[in-house]
Amino acid sequence: MVKWRPPRPRRPRGFRLADSAQQIVGGFLLAGPFVVTEEVWVLASNMSIWHALGTVTVVFAIGYATLYKADTTRDIDDEQEIAGIPVRFISLMVVSFGAVAILAILFDAPNTFLGGLETRREVVLVTCKAISVGAIFSVVGAATADSVFAK
């Protein structure tokens, strides 16, 4: 006869480099098409700072909801933290915005789409706004890849 034993307490799986790699693949995959789309850059040039901050807020909300609300197997209290923020979430945000920024630079998108702007400050500001727009799509890919392949 098998004796019943209480289940062992679940040890949280630490955040690994492989987790970031999955996020990077997903983030770059969905960010690419939006970095090279002229409409995104025109949209960004017409956005106010408030629109850009709203877009950044949406990226954070999508990331958090995908990691900790849609994935019912993950418990935010079990995550490794830096200054009270889960490392997985920090990585997701770095990947989401970073993937778009890297692709924009590699493709020389600011010079391609913003050649008519007069000052470097204007180019940087519009580029940041375009990155915030692209990050909406990048975070979806990065968070999905992290949740689907995390085991």
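Quick note: the coordinates plus some simple rules give every number you see, no bench work behind them. Quick caveat, the model's predicted, so the values are computed rather than measured. Note: ideal-geometry Cβ built from the backbone for every residue, glycine included; neighbour counts use all protein chains shown.
For the stretch 105-115, take each phi angle, set θ = phi - 60°, evaluate the Karplus expression 6.51 cos²θ - 1.76 cosθ + 1.60, and give the result in whole Hz per residue in order, putting x for glycine and proline.
6, 4, 8, 6, 4, x, 5, 5, 9, 10, x
Short version: ³J(HN,Hα) in whole Hz for each residue of the stretch 130-146, in order, from phi by Karplus 6.51 cos²θ - 1.76 cosθ + 1.60 (θ = phi - 60°), x for Gly and Pro, what are they?
Calculated HN-Hα couplings, in order: 5, 4, 5, 5, x, 5, 4, 7, 4, 5, 4, x, 5, 5, 5, 4, 5 Hz.
Which of 129, 3, 69 comes first, and how do the rest follow, when ranked by fewest Cβ neighbours within 10 Å? List each step's numbers first, then the result.
Values: 129 24, 3 4, 69 11.
Fewest-to-most ranking of 129, 3, 69: 3, 69, 129.
Given points 7 Å out from each Cα along the Cα-Cβ axis, report the residue 77 to residue 5 separation in nanometres with one decimal.
Taking the simple label geometry, residue 77 and residue 5 are separated by 2.5 nm.
Which one, [x] 80, 26, 22; [y] 38, 36, 31; [z] 53, 38, 26, gives Cα extents along the principal axes in Å as derived from the coordinates shown?
Recomputing Cα extents along the principal axes in Å here gives the entry labelled [x].
Can you work out the Karplus-derived ³J(HN,Hα) for every residue in the stretch 20-31? Use 6.51 cos²θ - 1.76 cosθ + 1.60 with θ = phi - 60°, whole Hz, and x for glycine or proline.
Couplings: 5, 4, 5, 4, 4, 4, x, x, 5, 4, 8, 6 Hz.
If amide H atoms are built 1.01 Å from N in the plane of the peptide, which residues on other chains or at least 5 residues away come under 5 Å of the amide H of residue 15?
Close amide H contacts, sequence-distant or interchain: 80.
Grab the other residues whose beta carbon is less than 12 angstrom from that of residue 26, score K and R as +1, D and E as -1, and report the net.
Numbers: positive: none; negative: 19, 146.
So the surrounding residues net to -2.
Residue 38 versus residue 16, label points 7 Å from Cα toward the beta carbon: distance in nm?
Label-label distance for residue 38 and residue 16, simple model: 4.6 nm.
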